[in-house]
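Readers should treat all values here as calculations from the given coordinates under stated rules, not as data from a laboratory. No experiment lies behind these values; they were computed from the predicted model shown. All Cβ positions, glycine included, derive from the backbone under ideal geometry; neighbour counts span all protein chains shown.
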Amino acid sequence: MTDTTVQKIDSAHSPQGKMGQKYLASGVHVSMRLWENEQPDESKPPTQRDYETVGYVIAGRAELHLEGQMVLLAPGDSWVVPKDASHTYKILEPFTAIEATSPPAQAHSRDEA
């Protein structure tokens, strides 16, 4: 039998993670989160995650530092961070983006480490 569950998530009432992200819809194999109006700051230490991330910039600019490369992210850009890739972000101006992670990032608090 197929899963016919439909979920609607209102971001105004979404739970917020320790890093400032809002959790949006989440399925068995993929989840979404919103980074809203993140303020400019210094890059954090590089990290590696056990999930793949794809993202889309809604507003603002940031640098993605990924495995020795730097990619400038601006409105309309999308990006991929492969599973286990060393990366960090430097926010250059107030930044809003949507990310999808597979498998879901919030499973077992993986995105809080």
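Table: residues versus (1) free of Cβ contacts under 8 Å to residues at least 60 places away in the same chain; (2) under 22 Å from Ile9 (Cα atoms).
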site: Arg33; (1), (2): no, yes
site: Val57; (1), (2): yes, yes
site: Glu63; (1), (2): yes, no
site: Ala85; (1), (2): yes, no
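Being surrounded by 17 or more Cβ atoms within 10 Å (Cβ to Cβ) and part of a strand (DSSP E or B) is the filter here; which residues of segment 12-34 pass it?
Lys22, Tyr23, Leu24, Ser26, Ser31, Met32, Arg33, Leu34
Which of the residues belonging to segment 1-23 are farther than 24 Å from Leu92 by Cβ and either in contact (Cβ under 8 Å) with a residue 40 or more places away in the chain or in contact with a strand residue (DSSP E or B) (Cβ under 6 Å, 6 or more places away or on another chain) (or both)?
Gln7, Ile9, Ser14, Pro15, Tyr23
From the set of residues in segment 28-82 that are small (Gly, Ala, Ser) and touching a Ser or Thr at 6+ places or on another chain (Cβ under 9 Å), which is farthest from Gln16 (Cα to Cα)?
Of segment 28-82, the ones small (Gly, Ala, Ser) are 31, 43, 55, 59-60, 62, 68, 74, 76, 78.
Subset that is touching a Ser or Thr at 6+ places or on another chain (Cβ under 9 Å): 31, 43, 55, 59-60, 68.
Values: Ser31: 14, Ser43: 21, Gly55: 18, Ala59: 20, Gly60: 20, Gly68: 30 Å.
Here the answer is Gly68.
If Glu67 meets every condition in (1) more than 13 Å from the chain's Cα centre (by Cα); (2) closer than 23 Å to Lys8 by Cα; (3) of a type in the set (D, E, K, R) apart from one, which number is that one?
Only one criterion is unmet by Glu67, namely (2).
Restricting the search to segment 64-107, which residues are touching a Leu at 6+ places or on another chain (Cβ under 7 Å) and part of a loop (DSSP other than H, G, I, E, B)?
Of everything in segment 64-107, just one residue is touching a Leu at 6+ places or on another chain (Cβ under 7 Å) and part of a loop (DSSP other than H, G, I, E, B), namely Ala85.
For segment 35-57, enumerate the residues that are surrounded by fewer than 14 Cβ atoms within 10 Å (Cβ to Cβ) and assigned to a strand (DSSP E or B).
Of everything in segment 35-57, those that are surrounded by fewer than 14 Cβ atoms within 10 Å (Cβ to Cβ) and assigned to a strand (DSSP E or B) turn out to be Asn37, Thr47.
Name, by its number, the condition in (1) under 19 Å from Gln106 (Cβ atoms); (2) touching a strand residue (DSSP E or B) at 6+ places or on another chain (Cβ under 6 Å) that does not hold for Asp50.
Condition (2) is where Asp50 drops out.
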